[in-house]
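The values are calculated or read from the model by the stated rules, or taken from the named source; none is laboratory data. Keep in mind it's a predicted model, so treat the numbers as computed, not measured. Cβ placement follows ideal geometry from the backbone for every residue including glycine, while neighbour counts extend to all protein chains displayed. Note: accessible area is taken over every heavy atom of the protein model, side chains too, but ligands, DNA and RNA are not part of it. Shrake-Rupley method; radii C 1.70, N 1.55, O 1.52, S 1.80 Å.
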Amino acid sequence: MTKYSSRYASSPEAVKKYDTQQLRDEFLIDDLMKEDEIVLVYSHYDRYIAGSAVPVKNDLTLETIDPLKAPYFLERREIGIINVGGSGSVLVEGKSFELGFKDALYIGSGNKEVIFKSNDNTNPAKFYINSAPAHTSYPTVKVSLAEANKLELGTMETANHRTVNQMIIGSVVTTCQLQMGMTELRTGSVWNTMPAHVHDRRMEVYFYLDIPENQAVCHFMGQPQETRHIWINNHQAVISPPWSIHSGSGTSNYTFIWGMAGENLDYGDMDVCKITDLR
């Protein structure tokens with residue numbers, strides 16, 4: 001079963017006037033990881049799709065949705081998948097790819113059949129999904145967490161010591177525009193992506209996980225001089241427009257998956273905002 005919703009683009013001038021509920025309605029994705037459902041959110045920022053698939057009693061087949069106006073989902077799209085649950089597999093045109101906890105899979109455009117499976121329905125796989133338009137078909141590639149390109153950033157002194165796992169990115173996998181990875185904060189660190197930045201040539205979606213029970217993350221967004229915040233719980237995501245910062249601070253350490261799409265594939269293409277200039 002597939003459920004989808006659409007989110008339209010909002011200007012920074014409009015967002016300045018949003019109250020808390022409007023911010024959450026426009027940018028928070030809070031209905032992911034539904035058992036035996038594929039849940040998708042189609043964003044008009046770079047036509048990006050974020051969603052989830054949790055097969056428990058049944059395998060789940062990725063189906064096209066009306067906004068795509070396509071006979072199958074990946075006719076003109078590529079997709080990245082990261083498993084944040086129990087072991088499972090993704091069947092792509094009859095070929096099975098086993099994904100353990102925090103393993104990733106890239107699937108290029110043109111693949112008609114994509115099926116999600118769990119190895120144990122008492123501990124089901126939880127597949128987090130990102131997809132972007134694609135003009136060329138590239139090979140399907142699995143990237144385990146161990147195979148990711150790892151960057152050690154931040155310090156304990158500034159409460160942002162973290163490991164950035166670049167997984168679906170040019171140095172690891174060839175894609176059209178989709179990039180995905182996972183950032184794990186060390187115990188005692190709570191800040192992600194600080195100093196904050198914007199990148200006008202691509203949008204981004206953050207998906208938060210490993211948030212302990214009864215803890216939360218405060219996600220910061222908005223223009224650097226007009227910041228806003230959204231409180232995030234485990235297995236929720238937030239859409240970040242190209243004009244917005246995307247940063248967060250938790251009441252504990254946590255992990256988040258970042259996904260991006262837009263005009264370029266240069267991971268370092270960003271305009272950093274000085275911490276003292278944030279408002």
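Numbers below:
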item	result
Residue among Gly94, Gly86 that is in contact with a Lys or Arg (Cβ under 9 Å, 6 or more places away or on another chain) and surrounded by fewer than 21 Cβ atoms within 10 Å (Cβ to Cβ)	Gly86
Residue satisfying all of: in the stretch 3-40; among the hydrophobic types (A, V, I, L, M, F, W, C) and over 18 Å from Ile230 (Cα atoms); most open to solvent (accessible area, probe 1.4 Å) among these	Met33
Hey, Asp200 open to solvent by 60 Å² or more (accessible area, probe 1.4 Å), assigned to a loop (DSSP other than H, G, I, E, B) and acidic (Asp, Glu) or not	yes
Test: Ala146 is aliphatic (A, V, I, L, M) and under 23 Å from Ile211 (Cα atoms)	yes
Residues of the stretch 3-27 satisfying the condition of being in contact with a Phe, Trp or Tyr (Cβ under 9 Å, 6 or more places away or on another chain) and within 24 Å of Pro55 (Cα to Cα)	Tyr4, Ser5, Ser6
Single residue of Thr175, Thr187, Thr227 found to be in a loop (DSSP other than H, G, I, E, B) and either open to solvent by 30 Å² or more (accessible area, probe 1.4 Å) or hydrophobic (A, V, I, L, M, F, W, C) (or both)	Thr187
Output for the stretch 195-222, where each listed residue is out of contact with any Gly (no Cβ under 8 Å at 6 or more places or on another chain) and more than 27 Å from Ser131 (Cβ to Cβ)	Pro195, Pro212, Glu213, Asn214
Residues of the stretch 243-268 satisfying the condition of being surrounded by fewer than 17 Cβ atoms within 10 Å (Cβ to Cβ) and touching a Gly at 6+ places or on another chain (Cβ under 9 Å)	Asp266
Long-range neighbours under 8 Å by Cβ, at least six apart or interchain, first residue without any contact (Cβ under 8 Å) to a residue 24 or more places away in the chain within the stretch 70-88, second surrounded by fewer than 23 Cβ atoms within 10 Å (Cβ to Cβ)	Ala70/Thr64; Ala70/Arg76; Pro71/Thr64
Residue in the stretch 142-155 that is within 25 Å of Glu35 (Cβ to Cβ) and either touching a Leu at 6+ places or on another chain (Cβ under 9 Å) or among the basic types (Lys, Arg) (or both) present	yes
